[in-house]
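Sharing a structure below in structure tokens format, with a few things to ask.
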Amino acid sequence: MAQNVSLLTRIVASSVTVVTRAGKIIRDVMSKGELNIVDKGNNDLQTLADRSAQLCIVTSLRHQFPTISIIGEEDLSVCEVPFDWVDTEADPEILKLKLPPHLETVEAKDVCVWVDPLDGTAEYAQGLVEHVTILVGVAIGKRAVGGIIHQPYYKNSENGMLGRTLWGIEGVGVHGFKAVLPPEGKRIITTTRSHLDNTVQAALDAMLADDIIRVGGAGHKVVLLLEGKAHAYVFASKGCKRWDTCAPEAILHAAGGTLTDIHGATYSYDAETNRVNSGGVLATAPGQDHDWYISRIPHEVKRNF
């Protein structure tokens with residue numbers, strides 16, 4: 001890999017390649033039917049696919065970028081990684097990109113990569129594989145500036161192949177798909193499928209939605225915003241973590257959308273930050289008035305965060 005290419009470009013180019021390998025691992029685990037599910041508590045599952053995909057992604061990135069911070073969702077003990085899980089290739093087209101000047105000179109000490117190897121584990125375990133995404137977010141300092149979302153079970157209509165990768169970088173835009181604005185004259189909200197409670201419902205009730213789409217995975221919900229299938233993603237709960245939102249936030253921001261907590265504050269993504277998104281999640285599609293959605297969250301809901 002050309003070392004005169006900026007560090008951020010190389011990380012994104014490598015991540016785009018390795019998530020494809022991780023996606024195949026996830027499909028292989030499912031096809032064998034041995035998920036080896038572990039209950040981590042609080043409606044939080046882990047499968048063999050989560051563990052294997054994270055080993056693939058984190059080992060591959062650490063091999064190439066040993067001095068950056070990498071934080072994965074799963075707490076894994078040191079174990080041997082199959083040689084064919086280590087992918088050190090990089091997308092050649094991404095390597096050609098020119099970044100905004102302030103991102104061209106990024107240093108390793110300022111980089112933190114957040115990895116969710118299988119976002120939507122509960123749905124995966126139930127066979128709802130279209131909800132599943134792999135998330136790799138790249139933060140510089142406190143800001144999410146680059147993101148990769150891979151959908152292992154997305155079926156390409158042209159060739160029938162499985163897998164699609166969306167990615168974006170601040171100041172560069174989004175790639176891997178064509179962003180679509182949501183329909184005018186109605187309001188469609190996407191929210192949690194499996195973590196609904198009275199607080200979440202109160203925030204949803206205040207949105208005056210024409211339709212509510214309940215799906216699994218933060219990555220999947222943000223993809224719905226990017227595809228024009230929903231106007232906002234509303235989740236008034238402390239259930240999300242930084243690895244759930246770093247990649248989606250970066251891609252959404254690169255497309256012209258917004259992701260904050262329910263008060264409108266942005267999250268920090270440096271290596272020392274709290275892992276829990278304690279202020280919930282509010283994301284809006286490109287072209288939407290993010291402040292309007294913030295204003296609709298009831299005060300009694302906001303007081304809980």
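The values are calculated or read from the model by the stated rules, or taken from the named source; none is laboratory data. Please read these numbers as outputs of a predicted model, since none were measured by experiment. Methodologically, a virtual Cβ is constructed for each residue, glycine included, from the backbone with ideal geometry; neighbour enumeration extends over all protein chains shown. The protein model used for the area step is the full one, side chains on, heavy atoms only, and it has no ligands, DNA or RNA in it. Shrake-Rupley method; radii C 1.70, N 1.55, O 1.52, S 1.80 Å.
Restrict the check to the range 292-304 and report whether at least one residue is modelled with pLDDT under 95, within 15 Å of the chain's Cα centre (by Cα), in a loop (DSSP other than H, G, I, E, B) and over 20 Å from Pro183 (Cα atoms).
Looking for residues that are modelled with pLDDT under 95, within 15 Å of the chain's Cα centre (by Cα), in a loop (DSSP other than H, G, I, E, B) and over 20 Å from Pro183 (Cα atoms), one finds none in the range 292-304, hence no.
Looking at (1) assigned to a loop (DSSP other than H, G, I, E, B); (2) within 18 Å of Ala13 (Cβ to Cβ), which one does Glu80 not meet, given that it meets all the others?
Single failed check for Glu80: (2).
Can you tell me which residue among Asp91, Asp116, Asp75 is within 15 Å of Arg242 (Cα to Cα), acidic (Asp, Glu) and modelled with pLDDT of 95 or more?
Asp116
Can you give me the number of residues within the range 197-251 that are of a type in the set (Lys, Arg) and closer than 13 Å to Gly147 by Cα?
Residues in the range 197-251 being of a type in the set (Lys, Arg) and closer than 13 Å to Gly147 by Cα: 1 in total.
Among the residues of the range 209-228, is there at least one that is part of a helix (DSSP H, G or I) and surrounded by fewer than 16 Cβ atoms within 10 Å (Cβ to Cβ)?
no
Looking at Thr105, Thr121, can you tell me which residue is closer than 27 Å to Thr258 by Cα, β-branched (Val, Ile, Thr) and over 20 Å from the mean Cα position of the chain (by Cα)?
Thr105
Which condition does Tyr153 not pass, out of (1) more than 16 Å from the chain's Cα centre (by Cα); (2) more than 23 Å from His253 (Cβ to Cβ), if it passes all the others?
Tallying (1) more than 16 Å from the chain's Cα centre (by Cα); (2) more than 23 Å from His253 (Cβ to Cβ), Tyr153 fails exactly one: (1).
Next question, about the same structure. Restricting to the range 198-208, give me the number of residues that are assigned to a helix (DSSP H, G or I), open to solvent by 10 Å² or more (accessible area, probe 1.4 Å) and either of a type outside the set (Asp, Glu) or in contact (Cβ under 8 Å) with a residue 60 or more places away in the chain (or both).
The number of residues fulfilling the criteria is 4.
If you don't mind, there's one more thing I want to ask. Just a yes or no: is a residue in the range 256-270 among the aliphatic types (A, V, I, L, M) and touching a residue at least 60 places away in the same chain (Cβ under 8 Å)?
Checked against the condition, which is being among the aliphatic types (A, V, I, L, M) and touching a residue at least 60 places away in the same chain (Cβ under 8 Å), the range 256-270 yields no hits at all.
Do you know which residues across the range 154-178 are open to solvent by 50 Å² or more (accessible area, probe 1.4 Å) and either more than 28 Å from Asp270 (Cα to Cα) or among the β-branched types (Val, Ile, Thr) (or both)?
Tyr154, Lys155, Asn156, Ser157, Glu158, Asn159, Met161, Leu162, Lys178
May I ask you to list the residues in the range 114-126 that are in contact (Cβ under 8 Å) with a residue 60 or more places away in the chain and either surrounded by fewer than 18 Cβ atoms within 10 Å (Cβ to Cβ) or assigned to a helix (DSSP H, G or I) (or both)?
Thr121, Ala122, Glu123, Tyr124, Ala125, listed by residue number.
State which residue is farthest from Leu118 (Cα to Cα) when the search covers only the range 59-86 and only residues that are open to solvent by 30 Å² or more (accessible area, probe 1.4 Å) and touching a Cys at 6+ places or on another chain (Cβ under 7 Å).
Once the filter is applied, the top-ranked residue is Ser69.
Is there a residue in the range 130-139 that is open to solvent by 30 Å² or more (accessible area, probe 1.4 Å), more than 21 Å from Leu8 (Cβ to Cβ) and either out of contact with any helix residue (DSSP H, G or I) (no Cβ under 7 Å at 6 or more places or on another chain) or hydroxyl-bearing (Ser, Thr, Tyr) (or both)?
Yes, because at least one residue in the range 130-139 is open to solvent by 30 Å² or more (accessible area, probe 1.4 Å), more than 21 Å from Leu8 (Cβ to Cβ) and either out of contact with any helix residue (DSSP H, G or I) (no Cβ under 7 Å at 6 or more places or on another chain) or hydroxyl-bearing (Ser, Thr, Tyr) (or both).
So which residues in the range 106-138 are of a type outside the set (Phe, Trp, Tyr) and closer than 16 Å to Phe65 by Cβ?
Val106, Glu107, Ala108, Lys109, Asp110, Val111, Cys112, Val113, Val115, Val136, Gly137, Val138
With the requirement that a residue be assigned to a loop (DSSP other than H, G, I, E, B) and more than 19 Å from the chain's Cα centre (by Cα), what does the range 171-190 give you?
Within the range 171-190, Leu181, Pro182, Pro183, Glu184, Gly185, Lys186, Arg187 meet the criteria.
Suppose the filter is open to solvent by less than 70 Å² (accessible area, probe 1.4 Å), at pLDDT below 90 and more than 23 Å from Thr133 (Cβ to Cβ); does Ala2 pass it?
It is true that Ala2 is open to solvent by less than 70 Å² (accessible area, probe 1.4 Å), at pLDDT below 90 and more than 23 Å from Thr133 (Cβ to Cβ).
Can I ask one more? For the range 247-305, which residues satisfy the criterion of being surrounded by fewer than 17 Cβ atoms within 10 Å (Cβ to Cβ) and among the polar types (S, T, N, Q)?
Thr266, Ser268, Thr273, Asn274, Ser278, Ser295, Asn304
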